[in-house]
Structure formats: C-alpha cells, structure tokens
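The values are calculated or read from the model by the stated rules, or taken from the named source; none is laboratory data. Quick caveat: nothing in here was measured; it's all calculated off a predicted structure. Positions of Cβ are backbone-derived with ideal geometry, glycine not excepted, and every protein chain shown enters the neighbour counts.
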Amino acid sequence: MDAGVVSALAALFGSIIGGVTSLAASWLSHDVQARAEQAAADKSRRQDLYKAFIEEASRLYGDALANDKAEIGTIVGLYAMVSRMRILSGPGVVDSADKVIRLIIDTYFAPNETLRGLREAIKTTDVDPLREFSDACREDLRTLRA
C-alpha cells in the first residue's frame, strides 16, 4: 500500500476513535449527572415528607394526650403521608410510621393526661413516640447517600 493512503487511513481512524470516545465520555458524564440530580431530588422529597409527618404526628399526639375527640380528617391525612412513604421509602420507615399512628389513636382512647401525669411519665419512661420513626428516617436517608 502507498504510504500516503496508510497515513490518511490512520488519521481517519484516529479521528473516528477520538470522536466516539468523546461522545461516550460526554454521554457517560451526562448520565452520572442526571442520576445525581435525581437522587438529590428524591432525598429532598423524602425529607419534606418526613418533616411534614413528624410535625403533624407531634401535633396530634399532643392533642390526643389532652383530648379524647379526634378529627378523623387529620388521622386520614397521616395515613395519606404513610401511603406516599410506601412509594418513596423502605419498609422500616413505613412500619414505624404505622406504629406512630396506632399510638396516636390509642392515646385518644386513653384517659386524658394532666401536666403532672405527663411529668411523671417522662421521669419513669421514654415518652418519645417519634424516636423509632426518626431513627428509621435517618437510616433511610443515609442509605441514599451510599
């Protein structure tokens, strides 16, 4: 073969390989960036949902300690949040959220608590109904970072 043809073919193949490599690197970096953005958005959605659940469950638990009349709509709202958690979160988060709701409902049926009685309960037991849920959420969000 003529040296000029070999030289031209080598340049052509070099350009093709360089172009394909550049295209593949660009596609790969775009894919990694899109996945990172999706993971950040997913984490943000979960954090917002967990925050809303904690705030509403805390409010309802406090209400249940002092009252025996529950607003059904607010309990249903908590169940709606748990249903969204079933889509986004792991079973540990969902199970602990279910336990919180059951505790709130049971508390509405229990005798109303006085401030003095609450103080005594805090001294003798751990009265944090959302601790297990918070721990499950932290673990769920930690696994997203991995």
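Hey, does region 5-27 have a residue that's on the phi < 0 side of the Ramachandran plot and either surrounded by 14 or more Cβ atoms within 10 Å (Cβ to Cβ) or basic (Lys, Arg) (or both)? Full working, then the answer.
Looking only at region 5-27, we keep the residues that are on the phi < 0 side of the Ramachandran plot, and these are 5-27.
Next, from what is left, pick out any that are either surrounded by 14 or more Cβ atoms within 10 Å (Cβ to Cβ) or basic (Lys, Arg) (or both): none.
Looking through region 5-27, none of the residues is on the phi < 0 side of the Ramachandran plot and either surrounded by 14 or more Cβ atoms within 10 Å (Cβ to Cβ) or basic (Lys, Arg) (or both).
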Task: Pick from region 89-116, criterion closer than 15 Å to Gln47 by Cα and in contact with an Asp or Glu (Cβ under 7 Å, 6 or more places away or on another chain), ranking: surrounded by the most Cβ atoms within 10 Å (Cβ to Cβ) - done: Val93
- [ ] Scan region 33-53 and report the pairs whose first residue is at pLDDT 90 or above and whose second residue is not in a helix (DSSP H, G or I), with Cβ atoms within less than 9 Å and a gap of 6+ or a chain change.
- [x] Arg46/Ser89; Leu49/Ser89; Tyr50/Ser89; Phe53/Leu130
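In region 48-88, what count of residues is obtained for those that are farther than 15 Å from Leu130 by Cβ and not basic (Lys, Arg)?
17
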Open item on the list: Among the residues in region 69-77, are any over 28 Å from the mean Cα position of the chain (by Cα) and either modelled with pLDDT under 90 or on the phi > 0 side of the Ramachandran plot (or both)?
Closed with: yes
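Any residue at all in region 8-16 that's in contact (Cβ under 8 Å) with a residue 24 or more places away in the chain and in a helix (DSSP H, G or I)? Show your work before the answer.
Looking only at region 8-16, we keep the residues that are in contact (Cβ under 8 Å) with a residue 24 or more places away in the chain, and these are none.
No.
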TODO: Might you let me know whether region 23-30 holds any residue that is within 30 Å of Glu113 (Cβ to Cβ), aromatic (Phe, Trp, Tyr), over 16 Å from the mean Cα position of the chain (by Cα) and in a helix (DSSP H, G or I)?
DONE: no
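So if I check each of Ala57, Ala70, which one is in contact (Cβ under 8 Å) with a residue 40 or more places away in the chain and surrounded by 15 or more Cβ atoms within 10 Å (Cβ to Cβ)? First the steps, then the outcome.
Details: Ala70 fails: in contact (Cβ under 8 Å) with a residue 40 or more places away in the chain.
After ruling out the rest, the residue left standing is Ala57.
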